Amino acid sequence: MASFSATLTATSTNLPSLIQNGTSNETNVATIGNPHQHWTELLVLILKGFIFGTIIVSAVLGNALVIISVHRHRKLRVITNYYVVSLAMADMLVALCAMTFNASVEMTGGKWLFGSFMCDVWNSLDVYFSTASILHLCCISVDRYYAIVRPLEYPITMTHKTVSFMLANVWLLPALISFTPIFLGWYTTDDHIVFREKYPNVCKFVVNQYYALISSSISFWIPGVVMVTMYCRIYKEAIRQRKALSRTSSNIILNSIHQHRTSYRDSGADQREEEYQFGVGCFVRYHHHGV
């Protein structure tokens, strides 16, 4: 009975590899026997490579162009563009450090070729730079809020020291939910740790409930609430300024019409007075000659 249990355990343990080997053998046989399927798979692979390559190159070149433009043009070196340059750097690193590994997984049919350590590195970089990008957007919304809603406080609040402090937190805070918990194994479940030991050629990012709650709050919910609040205040201020500008324009138009009518009435009165004086003068002269 014990030997039967051991045999059953060994068989169940090796079952995924046997199924995988059997599936791969069947796929190879089908591929060899069907050249049309082989060319179709090759075409799909080339198409995937072209799409991923285009996205990665476009992201790198586009963000690099933003950084170079701000660096070369002195007029663009304003406080707001500090956030833009830092955001461009984060997005460019997402393309270089995260999307490249994702492309390799897609190109190899879901296989991970770089080992378990690099799997942790990839997951950490993905979480780190994605969180940094979202936090940059949050800082930009706060900057726009002070510039539009509180313009008199903007030069006092958004100083170079304040911006440096905000950007430092934007780059340091994501490390607390990426490299630290991932490399210490706090982010995942015990079952997933066992799964990774058995299948090192599979890199999946499986998280537990505590990490999911903390990570999503820092990466999405809190910045999202801040951005929605800031842009709602900006929208209300824009509506208020538009109404004020509309009232000002209406008052200017009404004053212009009133001044035009007043000047027209004044010119008409002057003309009538001149005509009256001319008539009186003619009457006096005629009466004088008649007498």
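The values are calculated or read from the model by the stated rules, or taken from the named source; none is laboratory data. This structure is a prediction, so every number in the text was calculated from the model and none was measured. Cβ placement follows ideal geometry from the backbone for every residue including glycine, while neighbour counts extend to all protein chains displayed.
Can F195 be described as part of a helix (DSSP H, G or I) and surrounded by 14 or more Cβ atoms within 10 Å (Cβ to Cβ)?
For F195, the condition - part of a helix (DSSP H, G or I) and surrounded by 14 or more Cβ atoms within 10 Å (Cβ to Cβ) - is met.
Could you go through the range 213-234 and let me know if any residue there is more than 30 Å from T180 (Cα to Cα), at pLDDT below 80 and of a type in the set (F, W, Y).
There is no residue in the range 213-234 that is more than 30 Å from T180 (Cα to Cα), at pLDDT below 80 and of a type in the set (F, W, Y).
Anything in the range 80-137 that is assigned to a helix (DSSP H, G or I), hydroxyl-bearing (S, T, Y) and over 19 Å from V57 (Cβ atoms)? List them, or say none.
Within the range 80-137, T80, Y82, Y83, S86, S116, S124, Y128, S130, T131 meet the criteria.
If we scan the range 223-232, do we find a residue that is over 30 Å from K111 (Cα atoms) and in contact with a Phe, Trp or Tyr (Cβ under 7 Å, 6 or more places away or on another chain)?
yes
Of everything in the range 138-179 that's in a helix (DSSP H, G or I) and among the charged types (D, E, K, R), which residue is farthest from V226 (Cα to Cα)?
K161
Take the conditions over 21 Å from the mean Cα position of the chain (by Cα), part of a helix (DSSP H, G or I) and surrounded by 11 or more Cβ atoms within 10 Å (Cβ to Cβ) and apply them to L45. Does it pass? If you could, list the steps in order and put the result at the bottom.
Numbers: over 21 Å from the mean Cα position of the chain (by Cα): yes; part of a helix (DSSP H, G or I): yes; surrounded by 11 or more Cβ atoms within 10 Å (Cβ to Cβ): yes.
Considered against the rule, which asks whether it is over 21 Å from the mean Cα position of the chain (by Cα), part of a helix (DSSP H, G or I) and surrounded by 11 or more Cβ atoms within 10 Å (Cβ to Cβ), L45 comes out as yes.
Go through the range 158-185 and count every residue that is modelled with pLDDT of 95 or more and hydroxyl-bearing (S, T, Y).
Total satisfying the criteria: 0.
Scan the range 113-124 residue by residue and report those that are buried (at least 20 other Cβ atoms within 10 Å of the Cβ) and of a type in the set (A, V, I, L, M, F, W, C).
Residues satisfying the conditions are C119, W122.
Here's a check for you: in the range 157-182, which residue that is closer than 14 Å to C138 by Cβ and in contact with an Asp or Glu (Cβ under 9 Å, 6 or more places away or on another chain) is surrounded by the fewest Cβ atoms within 10 Å (Cβ to Cβ)?
By that ranking, first place goes to V163.
Could you check how many residues of the range 115-170 are farther than 21 Å from M89 by Cβ and under 19 Å from the mean Cα position of the chain (by Cα)? Write out each step before concluding.
The first filter runs over the range 115-170 and keeps only residues farther than 21 Å from M89 by Cβ, leaving 115-120, 145-157, 159.
Narrowing further to those that are under 19 Å from the mean Cα position of the chain (by Cα): 145.
Adding up the residues that qualify gives 1.
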